[in-house]
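Quick notes on the structure that follows.
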Amino acid sequence: MGPKERREREREETRTLILDAARELFANEGFDAVTMRRIAERIEYSPTAIYFHFKDKEALLKELCDNDFGALAHQFVNIAEVADPIERLHMTGHAYARFGIEHPNHYRLMFMTPHPPIDPARQELERGNPEEDAYAFLRVIVVDALAAGRFREGLGDADLLSQTIWAAMHGAVSLQIAKCNDDWIEWRPLEQRVTSMIDLIVDGLTR
């Protein structure tokens, strides 16, 4: 490896270190409460070194969201090829839960931490692509299931159905993340709880 390649690798390693520290701090303390100096202190770098990689806190958050939402969307790539929308719905629920449990800091930042408003131009550009937008991916499944007549009579609002399904799965995942060490309740195994939730959703919606 030459000097140029070594410098590039070191640069990427530093960016990853910064992103990981920022993700944890944002998720645990809130975006507004965390400063660039605080992130620098966490990894024992100077604030100047942080600004070399990211111009401000908003740019850092944008890259985190781009990376983490992209990682979630990647979980669904193979599922998109499944023809049966109800089978796709089952598989998506399990993939979503698995991502959240395996990456709790990612999940906290993505879905359990308030974010500053998204730039309208960026929102218009990025929203609605099922290859990058997890909500759009879920909505496509719901639309396909509606078109195939798989849902019960009277259920026809694709957004309401998608948001209800998402809310149910978010409840299962966020409860695990927030309360997994709470021994007040005799928790059933996580996989059983996730499977039960998905089965309840599907059985409640389908004919």
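List the helices (runs of 4 or more DSSP H) that sit entirely inside the stretch 116-207 and contain at least 3 residues that are at pLDDT 95 or above and farther than 30 Å from Asp32 by Cα.
Details: elements: 120-126, 134-147, 158-179, 190-205.
Correct list: 134-147, 158-179, 190-205.
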Next on the checklist: Condition (residue is modelled with pLDDT of 95 or more, of a type in the set (Phe, Trp, Tyr) and closer than 23 Å to Ala168 by Cα) applied to the stretch 64-72: is it met by at least one residue?
Outcome noted: no
Checklist entry - Is it the case that the stretch 86-106 has a residue that's under 22 Å from Glu191 (Cβ atoms), over 11 Å from the mean Cα position of the chain (by Cα) and of a type in the set (Val, Ile, Thr)? => result yes
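Looking for whichever is closer than 25 Å to Gly171 by Cα and either modelled with pLDDT under 95 or in contact with a His (Cβ under 6 Å, 6 or more places away or on another chain) (or both) here; the options are Ala95, Ala27, Ala59. Which one fits? Can you show your working first?
Values: Ala95 fails: either modelled with pLDDT under 95 or in contact with a His (Cβ under 6 Å, 6 or more places away or on another chain) (or both); Ala59 fails: closer than 25 Å to Gly171 by Cα.
Result of the check over Ala95, Ala27, Ala59: Ala27.
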Next on the checklist: Can you list residue pairs whose Cβ atoms sit under 8 Å apart, with the first residue in the stretch 156-170 being in contact (Cβ under 8 Å) with a residue 12 or more places away in the chain and the second being outside any helix (DSSP H, G or I)? Count only pairs 6 or more apart in sequence or on different chains.
Outcome noted: Leu161/Phe151; Leu161/Leu155
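The values are calculated or read from the model by the stated rules, or taken from the named source; none is laboratory data. Predicted model, so just to flag it, every value in this text is computed and none were measured. Every residue, glycine as well, gets a Cβ built from its backbone with ideal geometry; the counts of neighbours run over all protein chains shown.
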